[in-house]
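Peer 1: Take a look at this one; I'll ask things after.
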Amino acid sequence: MNESLTQTPVAVARSLALPRQTQRGNLLLRRLHGVLDLVYLTTRRLYYHFGLSLLSLLGVILAIGLVSSATFFAQAVETVIMRQELAEYSRITGRPPFSSRVFTASSRTVPLTLARTETLAANVADTVSSEVGLPVRSVGLLADSGVLTLQPLPDDTRYAGRRSLGDLNIAYMQGVADHITVEGEPLDDDQSADALAVWIHNDQAAKLGLQLGDAFTLTGQQGQVAIPVQIAGFWQAINPQSPFWFSNPDQTLREKLFVRRGDYLSHVEPQLEPKVRSVTWYVVLDEMAARPAGARAYAEGWQQAAAVVKRYLPEAQLTLPSVPLANFVGRQTTLTTILLGFNTPAFGFLLYFLILTSAVIAYWQRRETAVLISRGMTRWGVLSFTLVEGIILFVIASPIGLFFGMALARLMGYTVSFLTFEPRAPLPVSWDGFNLPLLAATLGILLLAKLW
């Protein structure tokens, strides 16, 4: 007795709480066992009426396949239409449909170097990709030195009396060697010696009367910059309409002198301030990953990407794609509704078939039901058997029905007219056409039919 009096209030509370926790645990355990027993008995009943259960399963599979095929087919058709329209847009504009040009100049807040422009290229591409929601296909980079004056050497008699031949820019363009033809030395990864090796556009070289191996001096910043250069080759774009170029290079890059990356770091950056006057990034997203249902999100993502880029590059200017994405909003839902309307009679027959099958099963289970009620089971308990039966059938039938719906949608892609098929490229049926609310509504209708 003295020991009980010396116990603390906390210890007493803990001692009183233990039996309640034990009772609560036993109650949860009994409920769990009850659910498992119900599932076991329901499975045995389904197996006992194997033929009727198989018919019910077949009806659920057909119903799910019939409804889901409409959404899968609508999504696939809309994807094909979207890709065709994007290809037409690319043909007209000469640019990939989901491409953006990002331009910024060096400033006091963001001074640019070649290494920093390469780091920022990855940042800009990640920003655009994450905001739009599409993977990056390629990232282009064009670093520009700014305007420099091409001057002949003092002992070059060909240009006697001419102080300059014109204004040009030194430029490093990532991966450009694979998209141009060069007359002269190849634009490779070698290193220039004393004079900087440069590659000039073929038309610009003809205009200025330059020859391979000619030596000049590039000056700028009021005479503070003097870079000796040598003409290493003449370049011409292999395909000016290639997605690699944001615009026609024969027009926009004629006054650019291409150099190697290593040469820009060793010969150009030490003499310039800022090291890179301006940079252009060309971000191309993969349009093959675009989904019609995400058209609105893509349009909003481009606007959001422009706002995010300006937070860490205040001077940046973004050229956003002008794809008419609004055309794709809502069309898939309209097509799905039309297809479901055509499938309504067939779905009605399936529903009637399931009701008849459920009625036959209930008829053959009447003796079992009578025994269960005589042993004390309530009507809600009997109803729970039917509910669990429906859930088990749905769990088995749902994946099979969805795969059947995808196969049916792909088969519909080969139709020309009624019962007329033609071999063609298969529709891009994918899980993007899965419509969870529609599937849930279908299962709900089937479950109500079975319970009724």
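The values are calculated or read from the model by the stated rules, or taken from the named source; none is laboratory data. It should be emphasised that the depicted structure is a prediction, and the values quoted were computed from it without experimental measurement. Every residue, glycine among them, receives a Cβ derived from its backbone with ideal geometry; neighbour counts consider all protein chains shown. Surface areas here come from the heavy atoms of the whole protein model, side chains and all, with no ligands, DNA or RNA. Shrake-Rupley method; radii C 1.70, N 1.55, O 1.52, S 1.80 Å.
Peer 1: Looking at (1) at pLDDT below 70; (2) open to solvent by 40 Å² or more (accessible area, probe 1.4 Å), which one does Gln332 not meet, given that it meets all the others?
Peer 2: Answer for Gln332: the failing condition is (2).
Peer 1: Identify, please: which residue in the range 138-181 is out of contact with any Phe, Trp or Tyr (no Cβ under 6 Å at 6 or more places or on another chain), hydrophobic (A, V, I, L, M, F, W, C) and more than 17 Å from Ser247 (Cβ to Cβ) and is, among those, surrounded by the fewest Cβ atoms within 10 Å (Cβ to Cβ)?
Peer 2: Per the stated criteria, the residue is Ala160.
Peer 1: A further question follows. Which count do you get for residues in the range 97-120 that are over 27 Å from Ser322 (Cα atoms), out of contact with any Phe, Trp or Tyr (no Cβ under 7 Å at 6 or more places or on another chain) and outside any loop (DSSP other than H, G, I, E, B)? Write out each step before concluding.
Peer 2: We begin by selecting, within the range 97-120, every residue over 27 Å from Ser322 (Cα atoms); these are 106-116, 119.
Okay, now just the ones that are also out of contact with any Phe, Trp or Tyr (no Cβ under 7 Å at 6 or more places or on another chain), so 106-113, 115-116, 119.
Narrowing further to those that are outside any loop (DSSP other than H, G, I, E, B): 115-116, 119.
Qualifying residue count, the range 97-120: 3.
Peer 1: Suppose we filter Val395, Val388, Val371 for residues that are surrounded by 18 or more Cβ atoms within 10 Å (Cβ to Cβ) and β-branched (Val, Ile, Thr); which single one remains? Working first, answer last.
Peer 2: Details: Val395 fails: surrounded by 18 or more Cβ atoms within 10 Å (Cβ to Cβ); Val371 fails: surrounded by 18 or more Cβ atoms within 10 Å (Cβ to Cβ).
Exactly one of Val395, Val388, Val371 is surrounded by 18 or more Cβ atoms within 10 Å (Cβ to Cβ) and β-branched (Val, Ile, Thr), namely Val388.
Peer 1: Okay, next question. In the list Tyr298, Tyr282, Tyr312, which residue meets the criterion of being at pLDDT 80 or above, aromatic (Phe, Trp, Tyr) and open to solvent by 30 Å² or more (accessible area, probe 1.4 Å)?
Peer 2: On inspection, the qualifying residue turns out to be Tyr312.
Peer 1: Under 7 Å between Cβ atoms, which residue pairs at least 6 apart in sequence (or on different chains) link something in the range 423-435 that is closer than 12 Å to Phe403 by Cα with a partner that is open to solvent by 70 Å² or more (accessible area, probe 1.4 Å) and at pLDDT 80 or above?
Peer 2: Partner pairs satisfying both residue conditions: Val429/Arg410.
Peer 1: Determine whether the range 160-176 contains at least one residue that is free of Cβ contacts under 8 Å to residues at least 40 places away in the same chain and either aliphatic (A, V, I, L, M) or at positive phi (or both).
Peer 2: Yes: the range 160-176 contains one or more residues that are free of Cβ contacts under 8 Å to residues at least 40 places away in the same chain and either aliphatic (A, V, I, L, M) or at positive phi (or both).
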